[in-house]
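Input: a single structure, listed below in structure tokens.
The values are calculated or read from the model by the stated rules, or taken from the named source; none is laboratory data. The structure displayed is predicted, hence computed values, not measured ones. Heads up, the Cβs are rebuilt from the backbone with ideal geometry, glycines too, and the neighbour counts pull from every protein chain shown. Keep in mind that these areas ignore ligands, DNA and RNA; they rest on the heavy atoms of the full protein, side chains included. Shrake-Rupley method; radii C 1.70, N 1.55, O 1.52, S 1.80 Å.
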Amino acid sequence: MRDLIDATIAAHVAVLQETAALAPAIAELAARAADSLQRGGRVFWMGNGGSAADCQHLAAELVGRFERERPGLASIALTTDSSILTSVANDYGFESVFARQVEALCRDGDVLVGLSTSGNSANVLRAMERAAGRGIYRVGLTGAGGGRLADTCELCLAVPSQVTARIQEAHIVIGHILCDLVEQRVTGRLPDPQAAQGEC
């Protein structure tokens, strides 16, 4: 049991150390997201399964707060409305559950982030295709190689791993760094230690 624990932690650390090479891309995403938010745009998130949970987590960090007291930032997870998801899946097929929402909700100047560990999730790809040509900045968070997602977005952050769990762990670290950078940019303030104590 201890060997499994040690090996998993070592693998996690190794992937994060290699993920540090994505620093310029993370900074670019943060700058784009902050610029969009300051101009009245929104940051949208989409993904499946564990990635859907990550979308909700990161949208909540922006709407609520990460480490600083500040006004809420407009961020929406496209994974949360069960009536939209089930009606679109029923009428158009599951591959359209995000694309239809992009068509209805996203506008010029928004940022759309798709999480897919394989880079080949059909509903994420279709949404990226629907966003093309609409002035929406498209970002992919994926695993090694990027899959087809790398070809459908302006910026692809491909975590250097093919293990789903390690990729998802790195995605959350990237997301937290993004939230921190965005808050710094929109507020010009350092973290508030007292505010951070209330986080769970």
Where a ≥ b ≥ c are root eigenvalues of the Cα gyration tensor, a/c under 1.5 meaning rounded, otherwise prolate if a/b exceeds b/c and oblate otherwise, the range 32-161 counts as rounded
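Hey, can you find the accessible area per residue of the chain for me, probe 1.4 Å, expressed in square angstrom?
Details: 9590 Å² over 200 residues.
Dividing the accessible area of the chain by its residue count gives 48 Å².
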Accessible area, 1.4 Å probe, largest first: how do Arg39, Arg130, Arg185, Arg2 sort? Arg39, Arg2, Arg185, Arg130
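Cβ neighbours within 10 Å, averaged per peptide: list 7-14, 171-178, 43-50 in order, most packed at the top.
Values: 7-14: 12.4, 171-178: 20.4, 43-50: 22.9.
Those peptides, ordered most packed to least, come out 43-50, 171-178, 7-14.
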Calculate the tail of P(r) for the range 57-111: the fraction of all Cα-Cα distances greater than 18 Å, expressed in %. 45
Please report the accessible area of Asp3 (heavy atoms, 1.4 Å probe, ligands and nucleic acids excluded) in Å², nearest 10. 130
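In debye to the nearest 20, how big a dipole does the range 1-61 give about its Cα centre with +1 on each Lys and Arg Cβ and -1 on each Asp and Glu Cβ?
Details: 4 positive and 7 negative charges, 57 e Å.
With only Lys, Arg, Asp and Glu charged at Cβ, the dipole is about 280 debye.
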Within 10 Å, count the other beta carbons around each residue, average over each peptide in 77-86, 137-146, 155-164, and list them highest first. 137-146, 155-164, 77-86
Need the full-extension length gain, Arg2 to Ala165, defined as separation in residues times 0.36 nm minus the C-alpha distance. One decimal, nm. 56.8 nm
Got a sec to turn the phi values of the range 3-17 into Karplus ³J(HN,Hα) couplings, 6.51 cos²θ - 1.76 cosθ + 1.60 with θ = phi - 60°, whole Hz, x for Gly and Pro? 4, 5, 4, 4, 5, 5, 5, 4, 5, 4, 4, 4, 5, 5, 4
Could you give each residue of the range 145-162 its phi-based ³J(HN,Hα) in whole Hz, using Karplus coefficients 6.51, -1.76, 1.60 with θ = phi - 60°, and x for Gly or Pro? x, x, x, 5, 4, 4, 8, 10, 9, 6, 9, 10, 9, 9, 5, x, 7, 10
Quick calc, His57 & Ala14: beta-carbon distance into FRET formula, R0 30 Å, rounding 0.05, result 0.80
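Can you tell me how much longer the chain between Ala21 and Asp91 gets when fully stretched, taken as 0.36 nm per residue apart minus their C-alpha distance, in nm with one decimal?
Values: separation 70, 0.36 × 70 = 25.20 nm, distance 4.23 nm.
Fully extending the segment from Ala21 to Asp91 adds 21.0 nm.
Ignoring ligands, DNA and RNA, please state the percent of accessible area on the range 59-175 from carbon and sulfur, probe 1.4 Å.
Details: 2370 of 4890 Å².
The C+S portion of the solvent-accessible surface of the range 59-175 is 48 percent.
Counting Lys and Arg as +1 and Asp and Glu as -1, each charge on the Cβ, what is the dipole of the chain about the Cα centre in debye, to the nearest 20?
On the way: 17 positive and 23 negative charges, 80 e Å.
Taking the Cα centre of the chain as origin, the dipole is about 380 debye.
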